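In what follows, a structure is listed as structure tokens, so that the remarks can point back to it.
Every number here is computed from the coordinates shown, using simple stated rules; none is lab data. In this text the structure is predicted, and so the values were computed from the model without any measurement. We place every Cβ from the backbone using ideal geometry, glycine too, and count neighbours over all the protein chains shown.
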Amino acid sequence: MRLVTVVLILLLVLIQYPLWWGHGGWLRVHELQQQLAQQTEKNTNLRLRNERVQGEVQDLQNGTAAVEERARYEMGMVKDSEVFVQFVAPNSNAPVNSANVPGMNGSTRGQVSAAPLRVVPNPVSRSKQELRDLDKKAQKEKAAEAKKKQPAGTAQ
């Protein structure tokens, strides 16, 4: 009778082995469920990233607002009709200019200069045509002054 009990217990252990540690066992199923949960989370994050990138692509294709925003913030560009103003706290350290730092490529694109800013009171935005007209007017005035300064008997 003892031999039968030992054999039955041994058979019970042999049957339990594949259930716990075999190819389709409980431990393997638990491990695969964890991997599935991790992959699902990763897929969700990547799907959100793809949606953001798709929206950005549509913005870049459909309008100039996204291009202008990137030019302003990443490259430090301004339009011809705009005035760039930077407010700096009086006791703060000056920003580092990459042209003065060894090891940097020397480009100042998108970098803040440590040089003091020139403040222009009441700046006037002018188009390129207005600037050309003002330049021509100034040249005419200089020519008229030069003629007045010449003696009356001399000719050019």
Mind checking the full-extension length gain between residue 61 and residue 89? Use 0.36 nm per residue of separation minus the Cα-Cα distance, one decimal, nm. 6.2 nm
Per residue convex hull volume, Cα atoms of the stretch 9-77, in Å³: 95
Need one number: nm distance between label points at residue 145 and residue 44, each 7 Å from Cα along Cα→Cβ, rounded to one decimal. 7.4
Work out the charge dipole of the stretch 9-77 with +1 on the Cβ of Lys and Arg and -1 on the Cβ of Asp and Glu about the Cα centre, then indicate which of 50, 17, 33 is farthest towards its positive end. 17
So if I place +1 on the C-beta of Lys and Arg and -1 on the C-beta of Asp and Glu, and nothing else carries charge, what would the dipole magnitude of the stretch 1-76 be about its Cα centre? I want it in debye, nearest 20. 560
Taking the Cβ-Cβ separation of residue 73 and residue 36 as r and a Förster radius of 35 Å, what is the calculated FRET efficiency to the nearest 0.05? 0.30
By how many nm would the segment from residue 131 to residue 13 lengthen if fully extended, with 0.36 nm per residue of separation less the alpha-carbon distance? 32.9 nm
